[in-house]
Amino acid sequence: MFKAGIRAELLKDAVEVMNVLVDEAVIHVAGDGIQSKAVEPANAAMVVLEMEAKAFETFEADGGDLGVDLTRLSKALSMARKGDLAMLELEEDTHKLRLELSGITYHLSLLDPSTIRQVPKVPELELPARILMRGADIQRAIRAASDVGSYLVLGIEDDAFYVEVEGDTDKMRFTLTKDELIDLKGSNARSLFSLEYLRDISKSKALSGSDVLLEIGIDYPSRLSFDFADGTCKGMYIVAPRVESA
Amino acid sequence: MFKAGIRAELLKDAVEVMNVLVDEAVIHVAGDGIQSKAVEPANAAMVVLEMEAKAFETFEADGGDLGVDLTRLSKALSMARKGDLAMLELEEDTHKLRLELSGITYHLSLLDPSTIRQVPKVPELELPARILMRGADIQRAIRAASDVGSYLVLGIEDDAFYVEVEGDTDKMRFTLTKDELIDLKGSNARSLFSLEYLRDISKSKALSGSDVLLEIGIDYPSRLSFDFADGTCKGMYIVAPRVESA
Amino acid sequence: MFKAGIRAELLKDAVEVMNVLVDEAVIHVAGDGIQSKAVEPANAAMVVLEMEAKAFETFEADGGDLGVDLTRLSKALSMARKGDLAMLELEEDTHKLRLELSGITYHLSLLDPSTIRQVPKVPELELPARILMRGADIQRAIRAASDVGSYLVLGIEDDAFYVEVEGDTDKMRFTLTKDELIDLKGSNARSLFSLEYLRDISKSKALSGSDVLLEIGIDYPSRLSFDFADGTCKGMYIVAPRVESA
């Protein structure tokens with residue numbers, strides 16, 4: 001059983017947190033909220049989304065897994081009007097997800113969870129450098145990098161966070177000093193990433209509108225975590241590093 | 001002889017009423033106004049436009065048929081500035097339509113009316129259900145349907161108007177109760193339509209900005225009629241139904 | 001040596017003056033400012049840009065030629081924020097152009113000036129007709145022409161400036177009378193041009209936002225000149241005429 005009401009705009013943002021990286025995902029429904037994780041096809045980036053029951057206006061669930069086509073759910077939610085409440089309900093008999101917006105009812109077919117890409121265990125990472133910054137600043141750095149090359153370095157040097165990209169012809173370095181960040185801990189971290197996943201991730205409105213904790217190491221994965229909806233929802237991305245050619 | 005002045009914006013909207021469905025049309029000019037009808041290539045949707053002489057600022061005509069390339073006329077009109085008057089004149093000798101906007105004069109070649117797709121007689125339809133609603137609501141219903149499938153049902157049930165679409169995977173139902181409509185007469189109508197024509201039709205600004213009378217039946221054509229420019233102009237679409245597979 | 005500071009927005013507009021016509025250009029740096037000229041591949045249109053040292057906030061240079069990829073420089077400048085200062089510096093050792101915006105540093109590879117299309121001497125033209133008009137009006141005339149054909153006539157007749165285009169089916173004439181112009185000198189000029197170059201040129205924000213001196217003749221090149229940034233920058237385009245088929 002799953003039946004819940006939630007601000008359509010919040011649900012749309014939450015679905016987008018996953019959808020920037022994957023098209024489908026298994027959503028685990030429990031009594032105290034929902035949780036989902038997914039990995040993109042090349043296995044280089046992972047997303048975890050958690051929504052407490054408190055993020056919903058009403059929430060009744062006794063557990064279960066829903067295989068959701070995020071792109072179709074997102075399109076349906078785009079029909080919501082400002083301030084609309086979205087009513088969700090699992091139709092057990094037809095195995096569809098019923099979504100009600102003002103005046104519009106969708107019956108969205110669920111996917112068999114076993115057909116959706118399996119997600120490896122979320123790695124426990126001990127990351128030496130922690131940068132707390134505005135999501136909009138990450139977004140700007142990634143946009144600047146996109147015009148120059150396909151790989152970027154995230155690093156810390158001289159008490160500043162930097163994004164560096166060396167393209168075929170040009171180089172770009174984006175810097176935020178400790179003063180321009182909310183907080184900075186650690187030093188001398190530096191890892192190379194494929195721009196592709198970071199660009200996808202930075203499209204998420206929930207991320208770009210929040211304070212984001214970016215954790216990095218030396219040739220190590222990076223982790224981006226953020227809260228939204230007054231802390232009732234959490235998003236997290238883990239991106240695998242590229243090995244720098246010597 | 002045909003010579004008329006009209007608000008460029010109104011002429012643009014009127015041309016668009018036809019142009020969303022067809023690229024060219026024969027415009028019948030008479031002493032009391034102009035009238036045009038056209039049918040789209042697959043013969044599944046028809047449009048009728050009527051503009052009284054009163055819709056024009058000045059109007060002099062003694063009858064005749066003009067074969068008009070609506071797309072080119074529409075492009076020319078897009079150069080008008082807010083508040084511009086459009087002056088139209090048939091140049092009898094060169095058989096061109098002269099269009100004057102502030103500072104710009106177009107001489108648009110007319111088409112031989114006999115080369116334009118013939119329009120069958122506009123069918124007299126006795127449609128049992130009449131729904132008077134805001135054009136913007138039709139537009140929203142059709143937009144919601146577009147994401148789900150290619151065919152939609154227009155119907156009345158339980159004193160409410162509904163649009164229903166069943167796609168390959170999902171179902172959507174858009175409902176407007178009697179309270180949300182301007183008026184509703186009739187019951188139990190239900191017909192299936194190709195989304196394509198309704199989507200084209202709903203792009204017309206004159207329609208989406210007006211109150212629209214939608215008339216439907218049971219497996220029968222539907223008719224959408226609306227007034228604009230203070231009732232001096234009338235638009236009408238007739239869309240053929242699709243036979244529902246059993 | 002070259003080191004300069006300039007409002008990023010102004011530099012962006014100046015680069016665009018060249019970039020609407022060519023992708024790369026040699027920029028001549030001298031003690032009193034910079035200057036560049038370029039010709040588009042078909043040799044039918046030429047651009048000249050001059051920026052006095054006064055256009056810059058700070059300016060130090062002792063001469064030299066920089067081969068610049070305008071498209072990449074333009075993309076880098078698009079990352080500037082409103083009010084940003086752009087700091088430029090030639091890195092002599094690596095032969096790169098260093099561009100600093102708030103928080104972002106680019107190192108843009110310079111091109112070997114000898115690999116960039118050579119520019120013939122800017123022709124000294126004695127043009128009999130001079131029209132001083134708002135750049136936005138030129139832009140509007142060219143936009144109107146674009147929908148009708150591929151070639152346009154620029155001319156003067158009866159104390160009015162006109163743009164005329166005769167397409168495959170339609171004709172358009174755009175007229176600005178002496179009253180609607182800032183100034184008009186000369187009479188009976190008329191030359192035919194390929195719309196392509198004029199359309200590119202009219203995209204330049206510096207041109208469309210300025211008063212433009214358009215000089216034309218009879219079957220002769222046309223010249224468009226304009227100042228921007230309080231007269232500290234000058235742009236000029238020369239476009240070759242097309243021979244009208246008899």
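The values are calculated or read from the model by the stated rules, or taken from the named source; none is laboratory data. Please read these numbers as outputs of a predicted model, since none were measured by experiment. Note: ideal-geometry Cβ built from the backbone for every residue, glycine included; neighbour counts use all protein chains shown.
If C:Tyr237 passes every condition in (1) in contact with a Lys or Arg (Cβ under 8 Å, 6 or more places away or on another chain); (2) over 30 Å from C:Phe56 (Cβ atoms); (3) not in a loop (DSSP other than H, G, I, E, B) but one, which one does it miss?
C:Tyr237 satisfies every listed condition except (2).
Within segment C:23-109, considering only strands (runs of 3 or more DSSP E) that don't extend past its boundaries, which have at least 1 residues that are more than 14 Å from chain A (Cβ to nearest Cβ) and either within 29 Å of A:Val163 (Cα to Cα) or of a type in the set (D, E, K, R) (or both)?
On the way: elements: C:24-30, C:33-39, C:45-52, C:58-61, C:64-69, C:85-91, C:96-101, C:104-109.
Once the strands (runs of 3 or more DSSP E) in segment C:23-109 are filtered for at least 1 residues that are more than 14 Å from chain A (Cβ to nearest Cβ) and either within 29 Å of A:Val163 (Cα to Cα) or of a type in the set (D, E, K, R) (or both), what remains is C:33-39, C:45-52, C:58-61, C:64-69, C:85-91.
Is it the case, given these coordinates, that C:Tyr162 is outside any strand (DSSP E or B) and either surrounded by 17 or more Cβ atoms within 10 Å (Cβ to Cβ) or not assigned by TED's automatic domain parsing to the domain that holds C:Gln139 (or both)? Give the steps one after another, and end with the answer.
Values: outside any strand (DSSP E or B): no; either surrounded by 17 or more Cβ atoms within 10 Å (Cβ to Cβ) or not assigned by TED's automatic domain parsing to the domain that holds C:Gln139 (or both): yes.
For C:Tyr162, the condition - outside any strand (DSSP E or B) and either surrounded by 17 or more Cβ atoms within 10 Å (Cβ to Cβ) or not assigned by TED's automatic domain parsing to the domain that holds C:Gln139 (or both) - is not met.
Among the residues of segment B:141-153 satisfying the criterion of being assigned to a loop (DSSP other than H, G, I, E, B) and not aliphatic (A, V, I, L, M), which is surrounded by the fewest Cβ atoms within 10 Å (Cβ to Cβ)? Working first, answer last.
Kept after step one, since they are assigned to a loop (DSSP other than H, G, I, E, B), are these residues of segment B:141-153: B:147-150.
So of that shortlist, the ones also not aliphatic (A, V, I, L, M) come out as B:147, B:149-150.
Numbers: B:Asp147: 18, B:Gly149: 17, B:Ser150: 13.
Applying the filter and picking the extreme gives B:Ser150.
In segment C:65-114, what residues are without any contact (Cβ under 8 Å) to a residue 60 or more places away in the chain and within 21 Å of the chain's Cα centre (by Cα)?
Those that are without any contact (Cβ under 8 Å) to a residue 60 or more places away in the chain and within 21 Å of the chain's Cα centre (by Cα): C:Asp65, C:Gly67, C:Val68, C:Asp69, C:Leu70, C:Thr71, C:Arg72, C:Leu73, C:Lys75, C:Ala76.
With respect to B:Leu10, is the statement that it is crowded, with 19+ Cβ neighbours inside 10 Å and part of a strand (DSSP E or B) true? Full working, then the answer.
Details: crowded, with 19+ Cβ neighbours inside 10 Å: yes; part of a strand (DSSP E or B): no.
Here the answer is no, as B:Leu10 does not meet what is asked.
For A:Leu176, which of the numbered conditions (1) in a loop (DSSP other than H, G, I, E, B); (2) in contact (Cβ under 8 Å) with a residue 40 or more places away in the chain; (3) surrounded by 18 or more Cβ atoms within 10 Å (Cβ to Cβ) fails to hold?
Going through the list (1) in a loop (DSSP other than H, G, I, E, B); (2) in contact (Cβ under 8 Å) with a residue 40 or more places away in the chain; (3) surrounded by 18 or more Cβ atoms within 10 Å (Cβ to Cβ), A:Leu176 breaks only (1).
Taking segment C:159-192 on its own, how many of its residues are in contact with a Lys or Arg (Cβ under 8 Å, 6 or more places away or on another chain), under 18 Å from C:Ser222 (Cβ atoms) and within 11 Å of chain B (Cβ to nearest Cβ)?
6
Residue by residue through segment B:199-215, note down the ones that are touching a residue at least 60 places away in the same chain (Cβ under 8 Å) and not in a strand (DSSP E or B). Lay out the reasoning, then the answer.
Initial filter on segment B:199-215 (touching a residue at least 60 places away in the same chain (Cβ under 8 Å)): B:200-215.
Within segment B:199-215, B:Asp200, B:Ile201, B:Ser202, B:Lys203, B:Ser204, B:Lys205, B:Ala206, B:Leu207, B:Ser208, B:Gly209, B:Ser210 meet the criteria.
Could you pull out the residue among B:Ile138, B:Ile156, B:Ile131 that is outside any strand (DSSP E or B), more than 10 Å from every other protein chain (Cβ to nearest Cβ), surrounded by 20 or more Cβ atoms within 10 Å (Cβ to Cβ) and at pLDDT 95 or above?
Details: B:Ile156 fails: outside any strand (DSSP E or B); B:Ile131 fails: outside any strand (DSSP E or B).
Within the list B:Ile138, B:Ile156, B:Ile131, the selection yields B:Ile138.
Looking at A:Arg81, A:Arg140 in this structure, which one is in the same structural domain as A:Val22 (by TED's automatic domain parsing) and closer than 21 Å to A:Ser204 by Cα?
On the way: A:Arg140 fails: in the same structural domain as A:Val22 (by TED's automatic domain parsing).
On inspection, the qualifying residue turns out to be A:Arg81.
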